[in-house]
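Enquirer: Have a look at this one before I ask anything.
The values are calculated or read from the model by the stated rules, or taken from the named source; none is laboratory data. On a predicted model such as this, the values are computed, not experimentally measured, just so you know. When we count neighbours, we look across all protein chains shown, and the Cβ atoms used for this are built from the backbone with ideal geometry, even at glycine.
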Amino acid sequence: MNMLQDYSAAASRIQQILKDYVQSSGLRSLVVGVSGGIDSALTCALAKPVCDELGIPLIGRSLSIVSNKADEQNRAIEMGKHFCHDFQAIDLSEAYHALAPQVAEDHGDADHEHFGFKVRMGNVKARLRMIYLYDLAQRNSGMVLSTDNYTELLLGFWTLHGDVGDYGMIQNLWKTEVYEMSRHLAHELADPAAAKALLDCANAVPTDGLGITNSDLDQIKASSYAEVDERLDEMERLGDSLPAEKAQHPVIQRHRSSAFKRENPYNIPRALIVG
């Protein structure tokens, strides 16, 4: 894989590009959902110095809903404490319990332990969180930072209209690069408590916090993100030349079955309509 070699330089470039964008757009704040996971943690660590320099707040919210575990929430709180200028931990469980029966027509009859139903309710949770973050950004003349990475993009491992924000600093980083950049930045931090908060997120079991499975890798059906990235990188390099037996790997199958997400919204080309 053609991995990043200089994480300090890459982080500095990301921050400079973000700074230029914020200045040219006249934004007065940046908003991020802080989950206690590595992606939002790295997003916070990259964004805070930019906000410090520009004199605007990095507004973070930990938005727990029913299935978020205590360790996730604790990591999110520590990240918010050390990296956000304005941070709150908000429990949206009551709003979710009120909303879910209204939007799921079979809510009263469905098997709530069925995998498919868990996925559906996970989508509702993710979209509810994004409603909250976008309202917060609108109120504070800001924009919502995306916390997605390139691996998740290729896997379709995100909720349409529920995860992707306005601006992706790490959208084109492999998940393994997200881990490495996070650890690199943590070792450069002068504050040991802030470094620990970031490293705790890097060392945690990766989960989407939606209560679907215990780990992201359970859903992806892989042993590690290193394996996932290697498979996806090989797929991108070989294209149609990828051996048939490798094309059957669950990672590659997931990529292919999630193509509709990467094409969303699909619009029929005008040339096909006109004829």
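Enquirer: When both residues are 6+ apart or on different chains and their Cβ atoms are under 6 Å apart, which pairs have a first residue that lies in the stretch 91-111 and is modelled with pLDDT of 95 or more, and a second that is β-branched (V, I, T) and not in a helix (DSSP H, G or I)?
Expert: L92/I65; S93/I65; S93/V66; Y96/I65
Enquirer: Residues in the stretch 11-21: is at least one over 28 Å from R120 (Cα atoms) and of a type in the set (G, A, S)?
Expert: For the stretch 11-21, residues over 28 Å from R120 (Cα atoms) and of a type in the set (G, A, S): present.
Enquirer: Of the residues I90, I56, I77, which single one is assigned to a loop (DSSP other than H, G, I, E, B), in contact with a strand residue (DSSP E or B) (Cβ under 8 Å, 6 or more places away or on another chain) and of a type outside the set (S, T, Y)?
Expert: I56
Enquirer: Give me a count of the residues in the stretch 197-226 that are surrounded by fewer than 14 Cβ atoms within 10 Å (Cβ to Cβ) and closer than 18 Å to L42 by Cα.
Expert: Total satisfying the criteria: 2.
Residue-by-condition table, conditions (1) farther than 19 Å from S258 by Cα; (2) at pLDDT 95 or above; (3) in a helix (DSSP H, G or I):
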site	(1), (2), (3)
A137	yes, yes, yes
M143	yes, yes, no
T159	no, no, no
D163	no, no, no
T176	yes, yes, yes
E180	yes, yes, yes
C201	yes, yes, yes
G209	yes, no, no
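Enquirer: May I ask you to say which residue of L153, L160 is surrounded by fewer than 16 Cβ atoms within 10 Å (Cβ to Cβ), aliphatic (A, V, I, L, M) and touching a Lys or Arg at 6+ places or on another chain (Cβ under 8 Å)?
Expert: The unique qualifying residue is L160.
Enquirer: Let me ask you something else. Tell me, which residue of the stretch 187-196 that is over 19 Å from S35 (Cα atoms) and of a type in the set (D, E, K, R) is surrounded by the most Cβ atoms within 10 Å (Cβ to Cβ)? Outline the logic, then answer.
Expert: If we filter the stretch 187-196 for residues that are over 19 Å from S35 (Cα atoms), which is where we start, we get 187-192.
Then drop every residue that is not of a type in the set (D, E, K, R), which leaves 188, 191.
Working: E188: 12, D191: 9.
Among them, the one singled out is E188.
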